[in-house]
Amino acid sequence: MKFQHLRAAAVVTAGVLTAAALAGCSGGGSTAAPGGKTVVGVDYPRSDTDFWNAYIKYVPQFAGQFGLDLKTTNSQNDVANLTANVQTMISQGVKGVVMAPQDTAAIIPTLQQLAGKKIPVVSVDTRPDQGNVYMVVRADNRAYGEKACQFLGTKLGGQGKVVMLQGDLASINGRDRTEAFNDCMKKNFPGITVFGEATNWEANTAAQKLQTRLTANPDIKGVYMQSSFALSGTLQLLKQRGLAVPASDPKHVFVVSNDGIPEELAKIRAGEMDATVSQPADLFAKYALQYVKDAIAGKTPAPGKTDHDSTILQIRDGLMEDQLAAPLVTADGATFGPVSSVKVDDQSLWGNSKS
């Protein structure tokens, strides 16, 4: 990665911590725990999906590699919990915070408080709507929607009906995936009708809304799940309706997801679903911790290509985002329009990891 050491001067602009202000961190004292490790707070956003449980597994593994002492909390998809958890971390003397706020607008006051205390923040998977953090570590979520669109549009030959099970539109991820999928369909496959269903990332809500759509439109031929939270309910509904048939059968409903969890890969191998976009749970953990360590050490990132097959973008003044690679995964590794895919058995996929 491209880093430069900062000058010693600390600068706070517009109430938000700049990179130079991170050099001293909070309190002006040592940044190490009694055992010689730097104390970092990590809030897990939720533990009710396989993707986030995988992330939770990877965090302590990489913390050990980077010599970090962790103080962890779990906000369970509630910004009020996250705010309270941050207060606990501050009282524990953390020198940096890694979080994944699911409500990207409501987190702004908490970010401002941390900036005021000169505690750097790395945001994982989501980007705050306003304000700055040291680094955002996520994949290009618009690309998720575009890849799902190209896959379904190609498979359906540009005609038919699809359901998009959206996440939470209060989250930038839900908005990015939704807008990109819709934009791609309108531009490239105008003959496809898209039914968008907001689900708040809730499995029961997704299942209920999909059932309603299938009842009203039994000729639906595609489902785009914006996350694996909807996987079990979707596949169960298709099975109940006699639609869980091979792709060669005219009754087949093509299913594409986002996450790349082991269960999705297994379902693709079994022919029970068709594709997913693998967002890297392992690299989210690795580079979030790397960046928070760099922030505490007084380094600043620069836009451009990295040494780990990603690109750091300047999103707005004072905010950069490392967009990690997230490939489309299919059974055969075929190409769909401009989008190439990776074969499901590719060992570079974190969902195939044995660790």
The chain, relative contact order in percent, only Cα pairs under 8 angstrom and at least six apart counted: 19 percent
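Add -39500 (n - 2.57) for each DSSP H run of 4 or more in the chain, then divide by its residues: what number comes out at 222 nm, to the nearest 500 deg cm²/dmol?
On the way: 9 runs with 120 residues, N = 355.
The per-residue figure over the chain is -11000 deg cm²/dmol.
Please report, in cubic angstrom per residue, the volume enclosed by the convex hull of the alpha-carbon atoms of segment 42-103.
With only Cα atoms used, segment 42-103 gives 69 Å³ per residue.
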Using a 1.4 Å probe on the protein heavy atoms, what percent of the accessible area of the chain belongs to carbon and sulfur? 49 percent
Where is the GNM fluctuation largest for the chain (alpha-carbon springs, 10 angstrom cutoff): PHE151, PHE336, PHE229? PHE336
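What does the accessible area per residue of segment 254-342 come to in Å², with a 1.4 Å probe and no ligands, DNA or RNA counted? Present the calculation step by step, with values, prior to reporting the outcome.
Numbers: 3000 Å² over 89 residues.
Accessible surface, normalised per residue, equals 34 Å².
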State which helices in the chain qualify, where a helix is a whole DSSP H run, it must extend 30 Å or more along its own axis by its Cα atoms, and its mean Kyte-Doolittle hydropathy must be at least 1.0. none
Segments 41-47, 81-87 sorted - mean Cβ within 10 Å per residue, highest first: 41-47, 81-87
Among LEU243, LEU68, LEU210 - extreme Cα towards positive end, dipole of the chain, charges at beta-carbon: LEU68
Rounded, prolate or oblate: which one fits segment 158-240, using the alpha carbon gyration tensor with axes a ≥ b ≥ c (rounded when a/c is under 1.5, else prolate when a/b beats b/c, else oblate)? oblate
For a label point 7 Å from the Cα of GLN112 along Cα→C-beta, name the residues of segment 121-136 whose backbone N is under 13 Å from it. 130-132
Simple spin-label estimate for LYS343 and ASP48 in nanometres, 7 Å along Cα-Cβ: 3.8 nm
Hey, how many Å between the Cα centroid of segment 317-355 and the Cα centroid of segment 149-188? 18 Å
Assigned charges on the beta-carbon of Lys, Arg, Asp, Glu; segment 43-176 dipole about Cα centre (debye): 220 debye
Filter the trypsin sites (Lys or Arg not before Pro) in segment 316-355 down to the DSSP loop ones having no more than 13 other Cβ atoms within 10 Å, then list what survives. LYS354
Quick one: Debye curve from the alpha-carbon atoms of segment 210-255 only, equal weights, vacuum; give me log10 I(q)/I(0) at q = 0.19, 0.33 Å⁻¹ to two decimals. -0.55, -1.43
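The values are calculated or read from the model by the stated rules, or taken from the named source; none is laboratory data. Keep in mind it's a predicted model, so treat the numbers as computed, not measured. All Cβ positions, even for glycine, are placed from backbone atoms using ideal geometry, and neighbour counts span all protein chains on display. Each accessible area value is taken on the protein alone, full model and side chains, heavy atoms only, with ligands, DNA and RNA left out. Shrake-Rupley method; radii C 1.70, N 1.55, O 1.52, S 1.80 Å.
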